[in-house]
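Asks: Pasting a structure below so you can have a look.
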Amino acid sequence: MKNSDFAARWDQSLQANYGTPTIALTKGKGLVVQDSEGKKYLDFLGGIATNIVGHAHPAIIKAVSKQISELSHVSNFYMHAGVIELAEKLIELTGAPKARVFFAGSGAEANEAALKLSRRTGRTKIVAAIGAFHGRTMGALSLTGQSDKRKPFLPLLKGVTHIPYGDLNAMRRAVSHKTAMVIIEPIMGEAGVVVPPQGYLKGIRDICDATGALMVLDCVQTGMGRTGQWFGFENEAIIPDVITLAKGLGGGLPLGAMIAIGPCSEYFKAGDHGSTFGGNPVSCAASLAAISVIEKGKLLKAALVHEKRIKKSIGVLAGVAQVRGAGLLIGIELINLDAKKIAKDLQEFGILVNAPTPTTIRIAPALTVSPAQIEKFISVFSSVLKRAITP
Ligand code: PLP
């Protein structure tokens with residue numbers, strides 16, 4: 001079936017919230033995906049920072065197949081080994097002496113859980129960043145700092161103040177002893193891979209310590225090794241009170257998590273919260289396999305090497321204002337060029353990326369990307385840009 005046939009059926013049967021994509025993907029292996037007409041692409045978007053070890057990774061296939069052949073789903077009335085093993089592993093990765101995990105099915109759900117946890121402080125006020133993206137369910141949307149996404153669905157949760165990202169003085173003014181939590185992305189992904197000044201997260205940690213507000217880091221996009229660190233805040237040597245995760249966490253399967261650290265790990269009592277699919281055995285098996293692939297392949301270090309290479313080669317191209325981000329979460333800021341059009345051209349030449357803003361191209365390939373695939377991206381991107389600039 002042709003891509004256009006899929007599009008016609010999609011139009012008739014799916015709601016219009018995503019618009020209509022131009023291609024239907026039928027299979028993938030590693031970073032290479034194929035559309036319904038047999039055309040191959042290098043997937044440099046990774047399901048928007050989600051396929052952390054690529055498509056059809058043998059370790060994921062093995063772990064998922066074994067798990068689903070033994071036990072596919074259990075309710076939260078029962079334990080299973082995978083959910084405990086994964087919680088223990090995530091706690092180990094945080095380096096915190098005491099933490100507890102709540103598993104959910106998505107990033108929005110993980111942030112909803114953080115929001116509810118923060119009510120256990122006895123406070124209701126929240127501080128978040130302008131431009132931030134924390135999800136689209138009504139609680140998460142209340143945290144999201146993008147007015148175009150919020151406006152059609154007002155009124156949202158009361159008591160959320162949005163302040164400029166990266167501005168510690170604004171944070172100091174906004175946070176008080178009435179603040180339940182501050183929620184911040186270590187790098188704002190959907191806003192166009194916006195990196196805060198060094199010391200920003202440490203400054204927020206100090207403000208939260210002084211006021212008793214929970215410091216929640218939304219690591220849904222930056223997490224699971226994407227930035228060359230496990231969560232994306234480690235360069236500031238702080239430990240937040242809460243970490244939320246999803247996307248790469250499930251190794252391509254749906255999984256979210258809210259890790260509560262220190263005293264707030266005791267806030268939820270029996271009956272306070274729940275999610276039917278949270279901690280599903282198959283998703284947990286995939287997650288553990290993905291973590292193991294990342295550890296064994298030393299993929300955090302590799303991500304930093306790729307970051308250097310991409311920044312060095314793309315940063316000098318005519319038409320590029322800035323290459324920002326960390327590890328394999330990179331935003332390429334263009335000068336006088338339509339990023340959506342460049343993304344479309346790249347797709348035509350066999351590279352998948354997206355344009356989170358009118359002037360930014362985002363790349364978030366699997367951590368398993370090879371040096372040769374990085375070179376291929378650089379070469380195709382350079383020629384697409386050259387073509388766009390040359391009249
Ligand atoms: N938080 C961040 C930082 C995100 O980037 C996203 C999704 O892009 C979310 C939360 C929401 O995640 P989900 O789409 O899984 O609900």
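FYI, it's all coordinate maths here, none of it is from the lab. Bear in mind the structure is a predicted one, so any value in this text is a computation, not a measurement. Every residue, glycine as well, gets a Cβ built from its backbone with ideal geometry; the counts of neighbours run over all protein chains shown.
Asks: In degrees from 0 to 90, rounded to the nearest 10, what is the angle of the helix 200-211 Cα long axis to the longest principal axis of the chain?
Replies: It works out to around 20 degrees.
Asks: For region 358-368, what does the Karplus curve 6.51 cos²θ - 1.76 cosθ + 1.60, with θ = phi - 60°, yield as ³J(HN,Hα) per residue in whole Hz, taken in order and with x for Gly and Pro?
Replies: Calculated HN-Hα couplings, in order: x, 10, 10, 9, 10, 10, 8, x, 4, 5, 7 Hz.
Asks: I want to verify a result. In a Gaussian network model of the chain, Cα cutoff 10 Å, which of these has the top mean-square fluctuation: 361, 314, 84?
Replies: Highest fluctuation among the options: 84.
Asks: Sticking with this one: If you project the alpha carbons of region 242-391 onto their three principal axes, what span does each projection cover, largest first, in Å?
Replies: Each principal axis gives a Cα extent; for region 242-391 these are 65, 32, 28 Å.
Asks: Hey, with R₀ at 45 Å, roughly what FRET efficiency would residue 202 and residue 36 work out to, going by the Cβ-Cβ distance, to 0.05?
Replies: According to the calculation, E is roughly 0.40.
Asks: Could you tell me which trypsin sites (Lys or Arg not before Pro) in region 55-147 are loop residues by DSSP with no more than 13 other beta carbons within 10 angstrom of their beta carbon?
Replies: In loop regions of region 55-147 (DSSP not H, G, I, E or B), the sparsely surrounded trypsin sites (Lys or Arg not before Pro) are 98.
Asks: Another question, then. Contour minus end-to-end for residue 304 and residue 5, with contour as 0.36 nm per residue of separation and end-to-end as the Cα-Cα distance?
Replies: 103.5 nm
Asks: Quick one: length gained pulling residue 68 to residue 296 fully straight, 0.36 nm per residue minus the C-alpha distance?
Replies: 79.7 nm
Asks: Write down Rg/Rh for region 310-391, rounded to two decimals, with Rg from the C-alpha atoms and Rh from the Kirkwood relation over Cα pairs.
Replies: Looking at region 310-391, the ratio lands at 0.92.
Asks: Let me ask something else about it. Out of residues 5 or more away from residue 161 or on other chains, whose amide H comes under 5 Å of its own, with H placed 1.01 Å from N in the peptide plane?
Replies: Here the answer is 126, 127, 128, since their amide H atoms fall under 5 Å of that of residue 161.
Asks: Now for a separate question. Using only alpha carbons, build the gyration tensor for region 137-224 and give me the equivalent ellipsoid semi-axes, biggest first, whole Å.
Replies: Its equivalent ellipsoid spans semi-axes of 21, 17, 12 Å.
Asks: Given the pairs 341/386; 311/376; 116/158; 202/311, which are separated by over 21 angstrom at their Cα positions?
Replies: In this structure, 202/311 exceed 21 Å between Cα atoms.
Asks: Output the Cα-based Rg and Dmax of region 87-142 in Å, rounding Rg to one decimal and Dmax to a whole number.
Replies: Cα radius of gyration and Dmax of region 87-142 are 13.0, 34 Å respectively.
Asks: Let me ask something else about it. Would region 10-94 count as rounded, prolate or oblate if I go by the C-alpha gyration tensor, calling it rounded below 1.5 in a/c and otherwise prolate when a/b exceeds b/c, oblate otherwise?
Replies: prolate
Asks: Stick to the Cα atoms of region 176-320, pair each with every other, and give me the Kirkwood hydrodynamic radius in Å at one decimal.
Replies: About 17.0 Å for region 176-320.
Asks: Could you state the per residue volume, in Å³, of the convex hull enclosing the Cα atoms of region 347-387?
Replies: Measuring per residue, one finds 76 Å³ for the Cα hull of region 347-387.
Asks: Now, a different point. Cα centroids of region 184-238 and region 345-391: how far apart, whole angstrom?
Replies: Their Cα centres are 27 Å away from one another.
Asks: Rounded, prolate or oblate, given the Cα gyration tensor of region 212-281, with a/c below 1.5 counting as rounded?
Replies: oblate
Asks: Just subtract the alpha-carbon distance of residue 77 and residue 387 from 0.36 nm times their residue separation and send over the number in nm, one decimal.
Replies: Result: 105.7 nm gained on full extension.
Asks: Among 15, 322, 198, whose mean-square fluctuation peaks in a Gaussian network model of the chain (Cα, cutoff 10 Å)?
Replies: 15
Asks: Assign unit charges at the C-beta atoms only (+1 for Lys and Arg, -1 for Asp and Glu), then state the dipole size of the chain relative to its Cα centre in Debye, rounded to the nearest 20.
Replies: That gives the chain a dipole magnitude of about 380 debye.
Asks: Report, in degrees rounded to the nearest 10, the 0 to 90 angle that the Cα long axis of helix 81-94 makes with the longest principal axis of the chain.
Replies: 90 degrees
Asks: Using the Cα gyration tensor of region 88-205, with a ≥ b ≥ c the square roots of its eigenvalues, what is the shape: rounded (a/c below 1.5), prolate (a/b larger than b/c) or oblate (neither)?
Replies: Cα axes put region 88-205 in the rounded bin.
Asks: Right, next: Using only Cα positions of region 59-296, each an equal point scatterer, no hydration layer, compute I(q)/I(0) via Debye at q = 0.16, 0.17, 0.18 Å⁻¹ and quote the log10 values to two decimals.
Replies: -1.11, -1.24, -1.38
Asks: Using the count of nearby Cβ atoms within 10 Å as a rough guide to exposure, how do 349, 153, 381, 6 rank from fewest to most?
Replies: Ordered from fewest to most neighbouring Cβ atoms within 10 Å, 349, 153, 381, 6 come out as 153, 349, 6, 381.
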